[in-house]
Amino acid sequence: MTDILSQDEIDQLLNAISSGEVQAEDHSTQSEQKKVKIYDFKRPDKFSKDQIRTVQMMHETFARLTTTALSAKLRAMVQVHVTSVDQLTYEEFIRSIPNPTTLALINMDPLKGSSILEIDPAITFTIIDRLFGGIGEHYKLSRELTDIELSVIEGVVVHILGNLREAWSTVIDLRPRLGTIETNPQFAQIVPPNEMVMLITLETKISESEGMMNLCIPYITIEPIIQKLSAQYWFSSIRRGESEVNRKIIQGRLENVEVGVSVEVGTTELSFNDLLQLEMGQIIKLNHLKTGDDFIFKVGDRPKYKCRPGRVGSRIAVQIGEEIDDIPDEFLITSRSQEDY
């Protein structure tokens, strides 16, 4: 419905037209132009600008993790960063990549459908040269991979997919799995040619070799979680803390970490001269505490538990008691003479 003007507004508009400040034709033309919006039915916009920005931020994390992973695996300077995130048809993506190239078809469990990780031949053969003991020279080769080279690249792609899972962990517990590797783009038809896809382009540099890695994700694959691809949801997920998957991974790694523990059974003071004259078999008398006093069980340098001395068979041991929250002064210095054993 058009807005209804008051009498004062009508008078001001007529005065402006009569004085030449406003042209009646300009006003009508401007209102008509606002109603026109260009829409391309062949390339409909399936992703909003906010969703594209969120995907870019997620894959900047993926690029950093991939940089670290490839640098360690290849033992060379590797740089990976996101150059662009675009939406286009699948046919346009297929036409934009060389033939032959390295196309890894990825199953996006638990999402339905697949995505494609395309690695430029310059990067592919540089990686192969490094892993085979070469210096990683820049090769401009255009041929299909041999069976051995294909097996090597499969291992590299699987290594990279672990970083993709971590980058998507704030949105979904993604479990990407490598399906097959193709070299001819015509054999990698995962969606119809006119289907819209999101293309994440990552510029990759290994030593002196430069090329691109392209991650192509169809719209129908991520449609179930499209509402989660927003900056608000992404940042709120980060504020909620690490996902359950990350917590389990960290917990699993910490379970195998060795931590030094110690129990002080006594203390004493010696002069520097007495220390220099110590010999094997001599006895050092420790400061005596009252009977019933507890030892302090330390994790590193931090007192953690009270404990009591004892034996397990022929070995000296301690029994863990209550946990120490606030350390009283009397527990800061702990000692016990050998008579209490």
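Given LEU131, LEU199, which one is buried (at least 19 other Cβ atoms within 10 Å of the Cβ) and either in the same structural domain as SER114 (by TED's automatic domain parsing) or modelled with pLDDT of 90 or more (or both)?
LEU199
Name the residue, out of GLY241, GLY260, GLY252, that is within 30 Å of ASP173 (Cβ to Cβ), at pLDDT 65 or above and exposed (fewer than 10 other Cβ atoms within 10 Å of the Cβ). Lay out the reasoning, then the answer.
On the way: GLY241 fails: at pLDDT 65 or above; GLY260 fails: within 30 Å of ASP173 (Cβ to Cβ).
Criteria check complete, one pass: GLY252.
Looking at THR67, THR83, THR101, THR61 in this structure, which one is closer than 27 Å to TRP168 by Cβ and over 26 Å from the mean Cα position of the chain (by Cα)?
After ruling out the rest, the residue left standing is THR101.
So, restricting to strands (runs of 3 or more DSSP E) that lie completely within the stretch 111-222, which ones have at least 1 residues that are of a type in the set (Gly, Ala, Ser)?
So the answer is 114-119, 175-182, 209-218.
Scan the stretch 175-189 residue by residue and report those that are within 13 Å of SER114 (Cα to Cα), at pLDDT 90 or above and surrounded by 18 or more Cβ atoms within 10 Å (Cβ to Cβ).
Filtering the stretch 175-189 for residues within 13 Å of SER114 (Cα to Cα) gives 175-181, 188-189.
Remaining after also requiring at pLDDT 90 or above: 175-181.
PRO176, ILE181, listed by residue number.
Restricting to helices (runs of 4 or more DSSP H) lying wholly in the stretch 1-85: which have 2 or more residues that are among the hydrophobic types (A, V, I, L, M, F, W, C), at pLDDT below 75 and more than 30 Å from LEU164 (Cβ to Cβ)?
Here the list reads 7-19.
Output yes when any residue across the stretch 63-78 is touching a Leu at 6+ places or on another chain (Cβ under 9 Å), under 27 Å from PRO193 (Cβ atoms) and surrounded by fewer than 18 Cβ atoms within 10 Å (Cβ to Cβ), and no when none is.
Checked the stretch 63-78: no residue is touching a Leu at 6+ places or on another chain (Cβ under 9 Å), under 27 Å from PRO193 (Cβ atoms) and surrounded by fewer than 18 Cβ atoms within 10 Å (Cβ to Cβ).
The values are calculated or read from the model by the stated rules, or taken from the named source; none is laboratory data. The structure presented is a predicted model; accordingly, all values stated were derived computationally and were not measured. Positions of Cβ are backbone-derived with ideal geometry, glycine not excepted, and every protein chain shown enters the neighbour counts.
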